[in-house]
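Coordinate-derived values only; no laboratory data. These numbers come from a predicted model, not from an experiment. Cβ coordinates were reconstructed from backbone atoms using ideal geometry, including for glycine residues, and neighbour counts include every protein chain displayed.
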Amino acid sequence: MSEKFFTILIMGVAGSGKTTIAKLLSKKINAFLIEADDYHSKNNIDKMSAGIPLNDDDRYDWLIKIKEEIDKRKSFQNLVVACSALKEKYRSILNIKKDYLVYLKITKNTAKTRIKNRKDHFMPDSLVDSQFAILEKPDVCITLEETLTPEETTSHLTSIIKNKFNYGK
């Protein structure tokens, strides 16, 4: 029995393009976008803004808020979630099937460059090292390399979604 709706998790370190890809993809497949950064507490934002990496305790309530939003919507609409979800236990909290996981793989240098070029974002490039240090690359996922443009990545993902999940058929 196939599910009526699906939830795609776009994950990776800061600067990997999660938000950009999730916005493009959600528009292309008419899915609701959940941007994980919107669910951070003021304390988490202040901590990251000061260059202090979040720990598992800091992330727990944040992940629960995201999971609650997913659970609230998943029965009546397709979802695209942009969330770093760097560790397996974070992804377990979100409870998204591994087939629905997209890992945006980039180098540390690319991540730092992209973050330095961001405007109006709370995360400094000094936190990139800490993100790579805790990253647990998923074993089962759709992995996309940084060599693709956002548009190419979105087109590729749309094709996968149409074939794998019978979307739009």
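Return the whole-Å distance between the Cα centroid of the stretch 76-120 and the Cα centroid of the stretch 5-59. The distance from the Cα centre of the stretch 76-120 to that of the stretch 5-59 comes to 7 Å.
Result for the chain in a Gaussian network model with C-alpha springs under 10 Å: among 142, 70, 34, the largest mean-square fluctuation is at 142. Could you give the angle, 0 to 90 degrees to the nearest 10, between helix 56-73's Cα long axis and the longest principal axis of the Cα atoms of the chain? Taking the Cα atoms of the chain, the angle to 56-73 is about 20 degrees.
For Rg/Rh (Cα atoms, Kirkwood Rh), the value calculated from this model appears in (1) 1.09; (2) 0.94; (3) 1.02 under label (2). Could you work out the helix-only [θ] at 222 nm for the chain, with each DSSP H run of four or more residues adding -39,500 (n - 2.57) and the total divided by the number of residues, to the nearest 500 deg cm²/dmol? It lands at -13500 deg cm²/dmol. Taken about its Cα centre, the stretch 1-63 carries a charge dipole of roughly 420 debye when the Cβ of each Lys and Arg holds +1 and the Cβ of each Asp and Glu holds -1.
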